[in-house]
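Each reported figure results from applying straightforward, stated rules to the coordinates on display, with no laboratory input. Since the model is a prediction, treat every value here as computed from it, not as a measurement. Neighbour counts are summed over all protein chains in view; Cβ atoms, including those assigned to glycine, are modelled from backbone coordinates with ideal geometry.
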Amino acid sequence: MSVFRSRPALRWLVPSAAAVAVIGGGAAAGTIVASADPALPDRSAAQLLVDLQGADPAGFSGTVVQSTDLGLPGVAGLLKNVEGGGLTSLVSGSNTARVWYASDDKVRLALLGTDGETDVIRNAGDVWIWKSSDNTGTHVSLPEDIEEKAAAQRKALPTGVPSTPQEAADAALAAIDGTTKVTTTGAAEVAGRDAYELVLSPKDANSLIGQVRLAIDAAEHIPLRVDVYAKNATKPAVRVAFEQVSFTVPDAQQFTFNPPPGAKVDEVKPSSDELEQHAKQDVTKPADVAGSENFTMIGQGWTSIVSAKLPDDAPSLESAAAEAGKQGGQQGEAVAGLLETLPKVSGEWGSGRLLSGSLFTVLLTDDGRVFAGAVTPEALYAVA
C-alpha cells in the first residue's frame, strides 16, 4: 500500500492540486518516456505513477519549505494586520517544517514560525500537540484497539479500491480523459538527490494553472519537490520542497516528548468509536458541502468551479465593508480595506467584485453568490 495512503501524516507533502492532477488527469501517459540523465535509467510516466503509489521508505527525516506567491501583494499587506499576520504566508511568503518518520506509529512534524514552534508527535499510543509560544499542549492517549480497527477497516474496503501499487496506477491511467498533457523533463536534483521530473499541463485555456511539476526521488520514489506554475509564468506560484532530506531511520528519541516546566497540558482519552466517528466526519465533509443546497461543483478537473449562495439575511459586500470599518482596530480596518480594494465588475449576470490571483479567481456578486476556481474571470462570468 502506498506510503501516502497508509500514512496520513505524510500527505501534506504533496499539494492537493498536484495529487488531483496525478490521479485524475493525463494524456497517453504510458507512452511518454523520461529523457533521464545517463546515470539514471529511463522511466515512463506510467512507471513513475507506479513509483509514487508504491513509495514505502523505511524511514526519513528532513526540512521542508513551502513558499507561495499568488500575485496578490495588496492583499498580503492587509493580512499582516489579521491575527498577527499568520495568514500572510498563505498568499505571499514561506513556511518551514521539520519532519521525522520511522514507522506508521512513529511520526513527528514540527512547524517553525516566527512566534515559535508547533509540534505534532505520534509515538505508538501517544499523540502530542505542542505550541512553544504559550507553553501549552494536548496529550491524546489512543485506545489500545485503534490499530485493530484500522486493519479491519482496510480489509472491509470495497473490491473496487486498488489494493496494490500497480492496480492504483492502472486506475489512474484508466481515468485519463484527455484534459491533461503529460510530459517529462528528464532528471533533476533536489536536496542533493537524483530525481525524475513529471510535468502535467491542462489543455483547457480557461485554466490559470500552467504546469504542475513533480520531482520524484529516483531511489525512494517519494516527491522531493512539487511546483505549481501559473500560466505563462517562469517561477512557481506554489512550491513545496525538501531543502534537506535523509532516508536514515530517525532515532527513537525524536519521538519522545517531555513537557517543559510550567507547561499546561490537556489530557484527552477518546474511545476508538469516537475516533472512528471523527474520521468519518472528516472524510465525508467535502462531499457533503459540495452536494449541499448552498454549494455546487460545476465542471471537473482543472477548470472545476465552486458555486455558493450566501444566506438571504447575509449583508451585502458594501454593508460588510462599512460594518468592518465601524468596528475599527487593525483587523476591522484590514477586512474593510480588503473588500474596498476588490475591483467592481458587472455583466449580464449582474454586478459584484472580483478577487483575482495568479492561480485562482473569486467572484462575489451583489446578490449573494460566490464563484471560485483556478480559472479566468471570463469562466466565472459564464457560469454566473
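Listed cross-link partners K231/K309; K203/K309; K106/K181; K231/K344; K203/K344 are compared with a 32 Å cut-off, the Cα-Cα value being larger for K106/K181.
Model label points for A382 and V120, set 7 angstrom from Cα along the Cα-to-Cβ axis, are 3.8 nm apart. Length gained on full extension, A58 to E189: 45.0 nm, using 0.36 nm per residue less the C-alpha separation. At full extension, D105 and D204 could sit 31.4 nm farther apart than now, given 0.36 nm per residue minus the alpha carbon distance.
Taking the Cα centre of the stretch 184-273 as origin and assigning +1 to Lys and Arg Cβ atoms and -1 to Asp and Glu Cβ atoms, the resulting dipole is close to 420 debye. Length gained on full extension, V140 to D266: 44.5 nm, using 0.36 nm per residue less the C-alpha separation. Please compute the net charge surrounding D251, taking Lys and Arg as +1 and Asp and Glu as -1 over other residues with Cβ under 15 Å from its Cβ. With Lys, Arg at +1 and Asp, Glu at -1, the neighbours total +3.
Peptides 341-347, 100-106 ordered by packing proxy, namely the average of other Cβ atoms within 10 Å per residue, highest first: 100-106, 341-347.
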